[in-house]
Amino acid sequence: MERSVRYHLRVSQPREPVGFGVYLRDAIHHSGFMTPTHFARTVGTDPSVVLRWISEEQRPTIRSIERIAPVLGRTINEMIEAAYPDRLGDQASVVQPHPLAHELTRMLADDSPISAVDRQALISVVERTLDPYRRDMRRRHTA
């Protein structure tokens, strides 16, 4: 009886980002940048560095996070939590805001390209939309 032995070569494929890389890629997209390269040029960083952050080959320094967070409409603390969860202890109880919250924050900011009149109209629409849900949220917190 002849026994055959097969050897399988494993071809290493590029690793798909799962943590900070996905977070950063989504933040760049939701901030209106067409590509990570456009984002990199806007923040004064070499595009290859941003691509290494997205591929999770390296993490940004705190100084880099301080520079990029405002451009992405994120707080420095949010970016640090996303980039360094292993150094911050138990983060299971931390709830990350929805990307729409970040987008709305950027739209309503004083330096937004949206006119003051349009920002006020947007605030009015969002207020009316949220009113019914605010009652439900108050009941949930007091229970």
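Only the coordinates and a few stated rules stand behind these numbers; no lab work does. Values in this document were obtained by computation on a predicted structure and should not be read as measured data. Cβ atoms come from the backbone with ideal geometry, glycine included; neighbour counts cover every protein chain shown.
Across the range 52-67, computed HN-Hα scalar couplings (Karplus, 6.51 cos²θ - 1.76 cosθ + 1.60, θ = phi - 60°) run 5, 5, 5, 7, 6, 6, 8, 10, x, 6, 4, 4, 5, 4, 4, 7 Hz from first to last residue, x flagging Gly and Pro.
Roughly how large, in nm² to one decimal, is the mean projection of the convex hull of the alpha-carbon atoms in the range 20-90?
Working: hull surface 17.1 nm².
Mean projected area of the Cα convex hull: 4.3 nm².
Between residue 41 and residue 75, what's the calculated FRET efficiency when r is the beta-carbon distance and R0 is 25 Å? Round to 0.05. Can you show the working numbers first?
Numbers: r = 23 Å, r/R0 = 0.92.
Working from the Cβ atoms, E equals 0.60.
Phi angles across the range 28-40 convert, under the Karplus curve 6.51 cos²θ - 1.76 cosθ + 1.60 with θ = phi - 60°, into 3J(HN,Hα) values of 4, 5, 5, 8, x, 7, 5, 9, x, 5, 4, 4, 4 Hz, Gly and Pro given as x.
The stretch between residue 57 and residue 114, if pulled fully straight at 0.36 nm per residue, gains 16.9 nm over its current Cα-Cα span.
Neighbour counting of Cβ atoms within 10 Å sorts the residues 23, 133, 84, fewest neighbours leading, into 133, 84, 23.
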